[in-house]
Amino acid sequence: MGAAEARLFAEQGATVVLTDVQDELGHKVAAEIAASGGVAVYRRLNVSDESEWEETVGWVEAQYGRLDVVVNNAGIFSGRMGRLSDYTEQDWDRVIAVNATGVFLGTKVGARSMRRTVTSEVRGGSIINVSSVYGLVGAPGEGPYPASKGAVRSFTKAAAVQLAPDNIRVNSVHPGFIDTPQAASLMDDPVERAALVERTPIGRIGTSEDVAWGIVYLASDESTYMTGAEFIIDGGITAQ
Amino acid sequence: MGAAEARLFAEEGATVVVADVQDEAGAEVARQINDSGGSARYVSLDVSSEAGWTGIIRDTVQADGCLDVLVNNAGVGGGDAEMVDFTTQDWDRVIAVNATGVFLGTKHAALAMRRSGGGSIINISSIYGLVGAGSGAAYPASKGAVRSFTKAAAVQLAPDNIRVNSVHPGFIDTPQTGWMMADPDIVRTLQDRTPLGRIATPEDIAWGVLYLATDESSYMTGSEFVIDGGITAQ
């Protein structure tokens, strides 16, 4: 999903710094964007490490002078679709570290940089945190994942309130079932896929682009009065 | 607010039908849009009249071939009397415009959109469809009705490729709220309650309404689009 977002931001004229721990893939996406006329670079970043965030954001400031937008998109599943009682504390810690702590650190370090470089009456910063429908309603499987996504939802609102005086907006995005490489184990199984389509009023699985458009909207000046909002892109799942 | 939406839609290339009971103001908005190169016409419509809706939608489809988007924007405040002083007459009037109007608009637009293969319906609710209002009775009730009705419509109309979303503005500077916005003390209080520290413009809301009308939001339905400067995040 991050790849689709990076492409769309680049198409809209943004200078994109892609970060991930999947170096090969990250370099490939950045190269593709550059090849089609956009501006993108890849840098390795473990989102659960504060010093790496400092280093990345410091590099962005040195290179480009300012940071306008942070999309906290990194997220993982535990890899088990078990019942709550099957999860170990290690599973929990690993998912929370990336999905929740990562968002906290990205928001914190990102907001500090925005305060230094972009905040003004005319142009503020925008931080977009990717949560999930499972930050809103109960998930049938998984344990740490919904907890982490609920953390993103509430943390986003707190950040929105606290950073509003700096003209930094913070919103959460709540995708439904999206066809991404990470969800391939579900999406490639015809039975699982049919069940997910069945649960979605719109009757199709979302694409990464469906979500990317919402994120671009939240980054743009068209949404300058939105902060602390839940941007739900779920084909109607949670409206049921 | 409807004027700002009409202008923005026209700027983006839409053919806009402006409907209201304020004939003079409505006709003026349409005229301004046409003068600046857009395409708009004004039709008088009482949104609480089903016959009115049947007529306007029939005429629109006849004139333009199909109906792609409906924005149910009409709304009245009903005054700021406390709940215990609120009269049934006031209640009925506010519910008729704010809630029944949205129901009728959605119903008749959906019937037309079904025939043409889909569309997007945007219903204007309010933050007072989400959280408790400090005064009034019918207004928050009507806006809550819009919120829940929108979700039901989204679920029921999804098979027809019709999306339905609600928009929840915070405090906005519109002609309708002019009496509040003219009072510096009230403005200051409203600003203090808004984390972003400013009152919204009609354009702030219009951008969101436009987004929900476009293909960029084609996977959004039944959602609450909150444009409130952070009020309900507190």
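The values are calculated or read from the model by the stated rules, or taken from the named source; none is laboratory data. These numbers come from a predicted model, not from an experiment. Using ideal geometry, Cβ is built from the backbone for each residue, glycine included, and neighbour counts are taken over all protein chains shown.
Yes/no per residue for (1) touching a helix residue (DSSP H, G or I) at 6+ places or on another chain (Cβ under 9 Å); (2) surrounded by 17 or more Cβ atoms within 10 Å (Cβ to Cβ):
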{"site": "A:Phe155", "(1), (2)": "yes, yes"}
{"site": "A:Ala160", "(1), (2)": "yes, yes"}
{"site": "A:Val170", "(1), (2)": "yes, yes"}
{"site": "A:Asp188", "(1), (2)": "no, no"}
{"site": "A:Glu192", "(1), (2)": "yes, no"}
{"site": "A:Ala219", "(1), (2)": "yes, yes"}
{"site": "A:Ala229", "(1), (2)": "yes, yes"}
{"site": "A:Thr238", "(1), (2)": "yes, yes"}
Checked against (1) away from chain A (no Cβ under 14 Å); (2) buried (at least 20 other Cβ atoms within 10 Å of the Cβ); (3) out of contact with any Ser or Thr (no Cβ under 7 Å at 6 or more places or on another chain), B:His108 satisfies every condition except (3)
Scanning for something in contact (Cβ under 8 Å) with a residue 24 or more places away in the chain and crowded, with 19+ Cβ neighbours inside 10 Å, does the stretch B:188-195 turn up at least one residue? yes
So how many residues does the stretch A:218-230 have that are out of contact with any Leu (no Cβ under 9 Å at 6 or more places or on another chain) and either without any contact (Cβ under 8 Å) to a residue 60 or more places away in the chain or at the interface with another protein chain (Cβ under 9 Å from one of its Cβ atoms) (or both)? 4
On the basis of being in contact (Cβ under 8 Å) with a residue 24 or more places away in the chain, more than 20 Å from B:Ile231 (Cβ to Cβ) and under 18 Å from the mean Cα position of the chain (by Cα), does B:Gly119 make the cut? yes
Residues in the stretch B:196-221 that are surrounded by fewer than 19 Cβ atoms within 10 Å (Cβ to Cβ), free of Cβ contacts under 8 Å to residues at least 12 places away in the same chain and within 7 Å of chain A (Cβ to nearest Cβ): how many? 1
Complete set of residues in the stretch A:200-217 that are free of Cβ contacts under 8 Å to residues at least 40 places away in the same chain and either in contact with a strand residue (DSSP E or B) (Cβ under 9 Å, 6 or more places away or on another chain) or more than 9 Å from every other protein chain (Cβ to nearest Cβ) (or both): A:Thr200, A:Ile202, A:Ile205, A:Gly206, A:Asp210, A:Tyr217
Yes/no for B:Glu224 being within 26 Å of A:Thr156 (Cα to Cα), out of contact with any strand residue (DSSP E or B) (no Cβ under 8 Å at 6 or more places or on another chain) and within 11 Å of another protein chain (Cβ to nearest Cβ): no
Enumerated helices (runs of 4 or more DSSP H) restricted to the stretch A:130-240, each holding at least 1 residues that are in contact with a Gly (Cβ under 8 Å, 6 or more places away or on another chain) and modelled with pLDDT under 95: A:144-163
Do any residues in the stretch B:48-62 that are modelled with pLDDT of 95 or more have Cβ atoms under 8 Å from those of residues that are surrounded by fewer than 20 Cβ atoms within 10 Å (Cβ to Cβ) and not in a helix (DSSP H, G or I), where the two are at least six apart or on different chains, and which pairs are they? B:Gly52/B:Asp46; B:Ile56/B:Val43; B:Asp59/B:Val43
